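The values are calculated or read from the model by the stated rules, or taken from the named source; none is laboratory data. Predicted model, so just to flag it, every value in this text is computed and none were measured. We place every Cβ from the backbone using ideal geometry, glycine too, and count neighbours over all the protein chains shown. Heads up: the accessible areas ignore ligands, DNA and RNA and are worked out on the full protein's heavy atoms, side chains in. Shrake-Rupley method; radii C 1.70, N 1.55, O 1.52, S 1.80 Å.
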Amino acid sequence: MTGQLKKLTANYDEPDLHRMEVYERLGGYGSARKAALDMTQEEVLDQLEASGLRGRGGAGFSMGKKASFIPEGTMEKYLCCNADESEPGAFKDRVLMQRNPHQLIEGCIIGAIAAQATRAFIFIRGEYETQAKMLDAAVTEAYEKGYLGSGIFGSQTDLELVVHRGQGAYICGEESALLDALEGKRGNPRLKPPFPANQGLYQGPTLINNVETLCNTPAIIEHGPEWFAAMGVDKSTGTKMVSVSGNVQRAGNFEVELGIPVREIIYGLAGGPPEGRDLKCFFPGGSSAPVLTKEHLDLPFTYEAMAEAGSMLGTASMIVVDDSQPIVPLALNLAGFYRHESCGKCVPCREGTNWTVHMLERIDQGDATPMDLEIMAEVQTNIIGNCLCVLGDSMAMPIGSMIKHFRGEFEQHIEAARAARDREHIRAFSAGELAAAGEAGPA
Amino acid sequence: MARPQIKEISFEIDGREVRAPEGTMLVDAAKSGDVEIPYFCYEPKLGQPVGACRMCLVEIEGMPKLQTSCSTPVKDGMVINTTSDRVKSAQNAIVEFLLINHPLDCPVCDKGGECPLQDISYGWGGGKSRFIEPKRHFRKPLELSPLVAIDRERCILCYRCVRFSQEVAEDYQLVFLERGDHTYVGTHDGRPYVGPFSGNILDLCPVGALTSTAYRFRARPWDVEEAGSLCTLCPSQCNVQLTIRDDSKVLRAFARDNPEVDDGWLCDKGRFGYQAIHSEERLRAPMVRDGSMLREAPWDHALEQAAAALTRAGAGTAALAGGATTNEEAFLLGHLMREALGSPHLDARAGGALDPQQARVLARPDLSARVSDIDHADVILVVDTELVEEAPILDLRVRKAARRNNAKVVTLTGRPSSLDPNATAAVRFAPGAAEAALSALAAELGSGRATGSRLHSRAGCEPGAIGAAAEVLRAAGDVVVLWGERISDGARGASAVDALLAVAGALGIVDRPESGLIEVPAATNARGMREAGVAPGLAPGLTDAPEAGMPAAEIAGALGAGELSALILLHEDPLATHPERRRWQTALDTAATVIAFTDFVTTALRDYATVIFPAESYAEKEGTLTHPDGRLQRVRQAIGHQGQVRPEWSVLAELAGRCGARPDVRSAPQVTQKLFATVGFLDGLTLDEIGGKGVRWQDRDAASNLPRAELPEGTLEVPPELPEGMRLGTVPSLWAGTTVEHAPSLRFLAPVQRAELAPADAHRLGVGSGDEVEVAAGGQRLRATVALRQAMQPGSVFLVSGTADNNATALTNGVPRTVEITKTAGAVNGAGPPAAAPAAPGPGAQPPPV
Amino acid sequence: MRDRRTMPLGWDEAVDLERDPAVVPDPAEVEVPEALRASITAAMQRYPDRHSAVLPALAAAQKVHGWCSPEALRQVAAVMQVTPAYLSSLASYYDMLRTEPIGSRYVYVCTSVACHVRDARAVYEAIAQEARDQELEDVEVRNFECLGACDMAPMASVDGRYVGPLSEDDAHELVAAVKENREVLPGRGLGDEGFRLPWEDKA
């Protein structure tokens, strides 16, 4: 299997697709209407579960199963769409929302029916100003049509949908942090259990799904679960948006069936590294995924194969790094990102990301020895598994993988930077600058 | 909602089979197996665990990842390992992470020697650090408030202090600012963290990041001793631990956890009030009047003078007791008055008098609630008391019930209550109209006793407000009623209490063991004093006294009219604490003899006292107090008597002796024994039984010795119509009084007079926020600064009472009173916005707290 | 222009003991611009719990005041009946809320991994330098974490409008346009009519 298979994005070249009129002309809202009027909640749930649709936000958990965890009862239940796409390398949800906002709204309606939710929220990152405005406009259209509000499509079902804008914090993409942020708190992750399905938003049962996951549901209801399950491979059914970025010739989103070889994505679809450059490594699933190298190019792009290779498929956001990029600044950039985005709640993540950045800075400035590399690797081990949420691990795993795959380069960098620093000190000392500046000698 | 039933389960920890109550968090359950799991952020008093410090990770069989034992409830058959290599390496890692930015300034850190971080680093750390980067450095210590210094280098961001501020005190002033490794504890825009409970963060901090400005560098843990006692500064009677140096000096007070009383919290008055004990201005020797001067005198001379004057006055003597008078002192005062002087005129109640029968009904075990009943109540009804000013720790208790157990709160008050944001229904009545409001509530609840017409309007309530409150109450199972002594202020006091009892009857409180009433009195030991016989018409044990006596208000009148000639003031200054200040002024002016027991000479005493005996501080005292819920607790001597101060029980006994009726007591415990033997329902009680946590007398068999008293049944009196005009209400301030004035750390909290007005009234009167006004009634006037309150009932103005100067009681006269308000000067900083046209949401429209 | 790695505001400062504590302001004591009050009240009504409206409310107040100033927070606190500290805690947590008067508009230059490998640092530094050279005022220019537009790396968000791919050569024009309140790099903004990435043209 090669190339793209455009199902989710089939109509994306249609002008003005973001308008209700166009979306409906192409069959839009047929599935939501069907789910609201002609299907029971159980039927909707069954179809989603039978389709094998896995969450597209990174964890890859069955969407139908997750919805089935929502307990019965009269308490208010909620659907939250996670549109806080902030993982470096990920930009698929942005495109899905801006090209086809009604598809997401329809997905929210179907998801809400499956979860028996009467209130839904789309938590969109504040930086996506344009996309949020488009969603707002689309939501208004949907309310005007009676597809949202009380008695949707003339049924007995009510659904309120609010587009909620974040204000800039990567961690709000973590589902429990998203709930806290939506409740008007600092977006810090919660202890789990309890899980959101039992006690989520406002302590009520809550289904949280990624934009792409929900966008897939209208087609499942329209064509049936078998149609969806026939695409893709094994447990990874349907099509998947893959975002490719970094040192490639044609960065962008590609809709593919999982199982496609990695090489086909990087070289076939995205054109590979620029002329004259070679692949150094790539993050297969966003910056939180441990890096893989050339030897992994022929693996099929599946959750399982990526995990087996020591990484993860995650959000299927592939960042490609070519051989012009030194590893230490890359690692420093990555660690700096996670330090900045750590919420600070738990100790290993807060202190570990900070410590890692300090060590990398020393390495870069010629203030380190190869022993520091050992300490740095151990610090990563001490972070992994000990944190409240996965953010700490999200730094520690790729940094660990870089040390593993590029230990030699790290060591060379250490030595070269030390030598450069020593030379600079000798020069400065000879020139009499050192004493004047009152600067201490090299550590 | 009934108290939950808890069953025991068994589980295995580190190879040991252990039993623990089901649902206990592992970290606590482990203690049953003598296994200690280290932690920093866990503190069940603060609510749900946060799992932030990661120190308590353990291995649980069947779970792939290590789990935080602070958030994992123990289940039957669980197998836990706290010593495996995985756990140990996680513990080492966490300690290493914690220490990389923690300064190792333990030698100069106040927490040194009593620091969980020190202990845990020693016990569970790896003993080494590989961090060679520069640590964070900041200016330190910095002021966080006048009471608390913050050292941000030392802070490990454990969440305890901010959770306290946000989820216990609910003042939400202390927060985390910024994010990630930049996170720090702070306030908004550099404002100080000032709230009645701010000092608790000192107890909570597991490192030396938050230190007491008053205690910093005063001592090391090994220089001091701890002494358990009781705070006697308000009716909450919180359990405290005093830090003592050289048997003579109190250096610090902190909370001593007693879930039945205080939940382990302490207000700032209780925490820093100890400073007054060592104030230079504290009276340490007797004083005797010499012409216009009070002069220090030898004990013998002072006793002789006092005894002679009292003997002369004989049955013309009256006595007021207040403050922290112990049960024993009250008992001996009763002896002095009734046996030695033959006078029945003694009272301990600033508000209106209780009928003796009412006193007995209110004491009935089936009508009274215990403090911990608040936790599990379905509805908490707060009647005309501002808990945060009058019994602050109960305010926290109500907040806890509402926050954690979804208890509904109903406020029925004259002044907007600080609990309104937590309330399901908030009812405002006109100042002084508690009786009418309670009658109206009784009527709404279907009590056949309330028959008056137009009760709502007599109460000055919004139409429908009382109905809404009644609806919440009717649907409730267990109800706890916290009622302010204030409802009985003035001449109609007994009628107001009768209306309260009608509400209690309509709620069926006697039939529900976890429902009940708790009085919030003005004086710390009001209940104990009453039960020990300091009340007109009541002998010890709430039996009828042989002779009816005058209540406080009548005593004032009789002194002023010359019908009585002497007054004993036991820890009481009526000009500060009793209504009708003017009347008391006349009384003191006219009285031939005033004998006072006090720690500080107030203006009133300086002007009027004949003999003053120095009072003991609570740190010097031995005796018992009775909590408003009936719990007897011990005050224990922690330091030696300062100066020439003598035990007051012995002074009272000596005075009685010199006046002709020497009681047979030679030691403090002997007085206690005699009291217990005299009071029927305390029969057989011993100090040992009271122990460190106290005993509620209602829970003992002897409670049946309480003289029988039935709930009244007759028709309630019809309350009077309200006067027209701006009606004056008063609110006491926790921070008024001599303790605060003489505790250097607290002085900044001393209240200034302010007039709280509804925006509509302010608009009409042409005044705005911050303006200076004069409030006048009956020829008396006082100055105040205007504060606007959106939730204030139009037609009401509230002033602070209990202040040394400018006391609102100067304007009160025992009946609902109207006042004139005139502007004297604009706002000092001109910042006050013009009084906005009224857009007042009705009471209860306030949103819940953050 | 603020380097986010320097010490945060207030970390090294004591409180001002002369000032009053910041409690929930009584609504009667605070004047709030009517439009702001209406927008906050509307936001509170959208959610089952009014606290959920706090981010929309802060964003609205920031629009009015240019930043989350103490007065802005006091107004939000009065309408929402929360403490100003609750709002400070949030305003300082979220990157898009400004707790200093550093500009009522913004230019965020993405420097995260995908942009990093395409020389985003140099682009950011060029823009920052231009901003200094051209004395750009009332605009927050900062490097920002991944903006979700790695396909157009290196890129920047100018008041929510994404432009890219950028090179150092674009810095001068970008800053000039921001300064003169013109549309920045017309045709190169995501969502512009006919916007195409360079390689999409080739395809």
Query raised in the report: What does the helix-only formula give at 222 nm for chain B: each DSSP H stretch with n ≥ 4 adding -39500 (n - 2.57), the total divided by the residues, and the result rounded to the nearest 500 deg cm²/dmol?
Result: -6500 deg cm²/dmol
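Let me know the shape class of chain A, please: from the alpha-carbon gyration tensor, a ≥ b ≥ c as square roots of the eigenvalues, rounded when a/c is under 1.5, otherwise prolate if a/b is greater than b/c, or oblate. Write down the numbers at each step before the final one.
Details: a/c = 2.35, a/b = 1.84, b/c = 1.28.
Verdict is prolate for chain A.
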Query raised in the report: Once a ≥ b ≥ c are taken as the square roots of the eigenvalues of the Cα gyration tensor of the range C:105-194, is the result rounded (a/c under 1.5), prolate (a/b larger than b/c) or oblate (a/b not larger than b/c)?
Result: oblate
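Using a 10 Å cut-off on Cβ to Cβ distances, tally the other chain neighbours for every residue of A:127-140 and report the average as a whole number.
On the way: counts 13, 6, 6, 7, 5, 1, 2, 1, 0, 0, 0, 0, 0, 0.
Across the residues of A:127-140, the mean count of other-chain Cβ atoms within 10 Å is 3.
With +1 on each Lys and Arg Cβ and -1 on each Asp and Glu Cβ, and nothing else charged, work out how big the dipole of the range C:27-91 is about its Cα centre, in Debye to the nearest 20.
180 debye
On a 18 Å Cα-Cα criterion, which of the cross-link pairs A:Lys92/A:Lys240; A:Lys185/B:Lys140; B:Lys269/B:Lys693 come out too long? Before the final figure, lay out each step's value.
Values: A:Lys92/A:Lys240 10 Å; A:Lys185/B:Lys140 29 Å; B:Lys269/B:Lys693 21 Å.
From A:Lys92/A:Lys240; A:Lys185/B:Lys140; B:Lys269/B:Lys693, over 18 Å: A:Lys185/B:Lys140; B:Lys269/B:Lys693.
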Query raised in the report: Just the accessible area per residue of chain B, please: how many Å² with a 1.4 Å probe?
Result: 35 Å²
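Restricting to the range C:105-194, what percent of DSSP beta bridges are antiparallel, rounded to 5? The partial results should precede the final answer.
Details: 7 of 13 bridges.
Around 55 percent antiparallel, to the nearest 5.
How big is D for chain B, in µm² s⁻¹ as a whole number, if Stokes-Einstein is applied with the Kirkwood radius of its Cα pairs at 4 °C and 1.567 mPa s? Walk me through the numbers on the way to the answer.
On the way: Rh = 28.5 Å.
Value of D from the Cα-based Kirkwood radius: 45 µm²/s.
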Report summary line: Any lysines whose Cα falls less than 16 Å from that of B:Lys128, other than same-chain ones fewer than 8 residues away, would be B:Lys88
Query - Within 10 Å of each Cβ in A:353-362, the average number of Cβ atoms from other chains - result: 3
Report summary line: Label model pair B:Lys65, C:Leu9: point-to-point distance (7 angstrom along the Cα→beta-carbon line) in nm is 3.5 nm
Query raised in the report: So how exposed is B:Lys693, as accessible area in Å² (1.4 Å probe, rounded to 10)?
Result: 100 Å²
Query raised in the report: At a probe radius of 1.4 Å, what is the per-residue accessible area of B:Val194, in Å² to the nearest 10?
Result: 30 Å²
Query raised in the report: For A:Lys404, which lysines qualify as cross-link partners when the Cα separation must be under 21 Å and same-chain residues fewer than eight apart are set aside?
Result: A:Lys280, A:Lys294
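Please list C:156-165, A:279-288, C:52-61, B:4-13 highest first by mean number of surrounding beta-carbon atoms within 10 Å per residue.
On the way: C:156-165: 22.2, A:279-288: 26.2, C:52-61: 24.3, B:4-13: 14.0.
Listed from highest to lowest mean packing, they are A:279-288, C:52-61, C:156-165, B:4-13.
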Report task. Give the cross-link partners of A:Lys235 among the lysines, using a straight C-alpha distance below 17 Å as the criterion and excluding same-chain residues fewer than 8 apart. Result -> A:Lys65, A:Lys66
**Report entry** Distance from the range B:381-412 to the range A:32-105 (C-alpha centre basis), Å
**Finding:** 43 Å
Report task. With θ set to phi - 60°, apply the Karplus curve 6.51 cos²θ - 1.76 cosθ + 1.60 along the range B:385-401 and write out the HN-Hα couplings as whole Hz, x wherever there is a Gly or Pro. Result -> 9, 9, 4, 5, 9, 9, 7, x, 5, 6, 4, 5, 5, 5, 4, 4, 4
Query raised in the report: Given only helices, namely DSSP H runs of n ≥ 4 each adding -39500 (n - 2.57), what is the per-residue ellipticity at 222 nm of chain A, to the nearest 500 deg cm²/dmol?
Result: -14000 deg cm²/dmol
Report summary line: Taking r as the C-beta separation of B:Glu22 and A:Arg25 and R0 as 60 Å, the FRET efficiency to the nearest 0.05 is 0.50
**Report entry** Nearest-10 value in Å² for the accessible area of A:Arg263, using the 1.4 Å probe
**Finding:** 100 Å²
Requested in this report: Please get the size of the charge dipole for the protein assembly as shown, origin at its Cα centre, with Cβ charges of +1 on Lys and Arg and -1 on Asp and Glu, quoted in debye to the nearest 20.
Outcome: 1340 debye
Query - Positions from the range C:46-84 whose accessible area shrinks by 30 Å² or more when the full protein complex is built, not the chain alone, probe 1.4 Å - result: C:Arg46, C:Tyr47, C:Pro48, C:Arg50, C:His51, C:Ser52, C:Leu55, C:Pro70, C:Gln81, C:Thr83
**Report entry** FRET efficiency, B:Val752 to C:Arg132 (Cβ-Cβ, R0 41 Å, nearest 0.05)
**Finding:** 0.25
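Could you rank the peptides B:703-715, B:364-376 by their average count of other C-beta atoms within 10 Å per residue, with the highest value first? List each step's numbers first, then the result.
Details: B:703-715: 13.8, B:364-376: 20.8.
Going by the mean number of other Cβ atoms within 10 Å, highest first, we get B:364-376, B:703-715.
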Query raised in the report: With springs only between Cα atoms under 10 Å, which of A:Glu42, A:Glu144, A:Glu160 fluctuates most in a Gaussian network model of chain A?
Result: A:Glu144
Report summary line: Among residues of the range C:104-119, a drop of 50 Å² or more in 1.4 Å probe accessible area, assembly relative to the chain on its own, occurs for C:Val113, C:His116, C:Val117, C:Arg118
Query raised in the report: Residue farthest toward the positive end of the dipole of the protein assembly as shown, with Cβ of Lys/Arg at +1 and Asp/Glu at -1: which of B:Ala348, A:Ala132, B:Val695?
Result: B:Ala348
Report task. Return the long-range amide H neighbours of A:Glu257 (sequence gap of 5 or more, or a different chain), with a cut-off of under 5 Å between placed amide H atoms. Result -> A:Leu5, A:Lys240
Query raised in the report: Ignoring ligands, DNA and RNA, what percent of the 1.4 Å accessible area of the range A:242-374 is carbon and sulfur?
Result: 49 percent
Query raised in the report: Restricting to the range B:726-825, what percent of DSSP beta bridges are antiparallel, rounded to 5?
Result: 60 percent
Requested in this report: Leaving ligands, DNA and RNA out of it, rank B:Arg634, C:Arg132 by accessible area with a 1.4 Å probe, largest first.
Outcome: C:Arg132, B:Arg634
Query raised in the report: Just how far, in whole angstrom, is the range B:576-614 from the range B:69-106 if you go by their alpha carbon centroids?
Result: 61 Å
Query raised in the report: Compactness ratio of the protein assembly as shown: Cα Rg over 2.2 N^0.38 Å, N = residue count?
Result: 1.02
Report summary line: chain A: relative contact order from alpha carbon pairs under 8 Å, six or more residues apart, as a whole percent, is 16 percent
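State the antiparallel share, in %, of DSSP beta bridges confined to the protein assembly as shown, rounding to the nearest 5.
Working: 84 of 160 bridges.
Once the DSSP bridges in the protein assembly as shown are tallied, antiparallel ones form about 50 percent.
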Query - Other protein chain Cβ atoms within 10 Å, averaged over every residue that makes up C:150-160 - result: 5
**Report entry** Euclidean distance between Cα centres, the range B:279-324 to the range A:307-350, Å
**Finding:** 79 Å
Query - Accessible area buried between chains C and A, both sides summed, probe 1.4 Å, in Å² to nearest 100 - result: 4100 Å²
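Taking only DSSP H segments of four or more residues, each worth -39500 (n - 2.57), what value at 222 nm results for chain C once the sum is divided by all its residues, to the nearest 500 deg cm²/dmol? Kindly include the intermediate steps, with their values, before the conclusion.
Values: 8 runs with 76 residues, N = 203.
The helix-only estimate for chain C comes to -11000 deg cm²/dmol at 222 nm.
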Query raised in the report: Hey, can you rank B:622-630, A:208-216, A:270-278 by average C-beta count inside 10 Å, highest first?
Result: A:208-216, B:622-630, A:270-278
Query - Computed label-point distance, nm, for sites A:Ser324 and B:Thr818 using a 7 Å Cα→Cβ extension - result: 8.8 nm
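Quick one: grab the alpha carbon gyration tensor of the range C:1-113, order the square roots of its eigenvalues as a ≥ b ≥ c, and give me rounded if a/c is under 1.5, else prolate or oblate depending on whether a/b is larger than b/c. Mind showing how you got there, number by number?
Details: a/c = 1.95, a/b = 1.25, b/c = 1.56.
Because a/c hits 1.5 or more and a/b fails to exceed b/c, the range C:1-113 counts as oblate.
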Query raised in the report: What FRET efficiency would be calculated for the residue pair B:Arg781, B:Asp699, taking the C-beta separation as r and a Förster radius of 45 Å, to the nearest 0.05?
Result: 0.35
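Assign unit charges at the C-beta atoms only (+1 for Lys and Arg, -1 for Asp and Glu), then state the dipole size of the range B:120-235 relative to its Cα centre in Debye, rounded to the nearest 20.
So the magnitude is around 540 debye.
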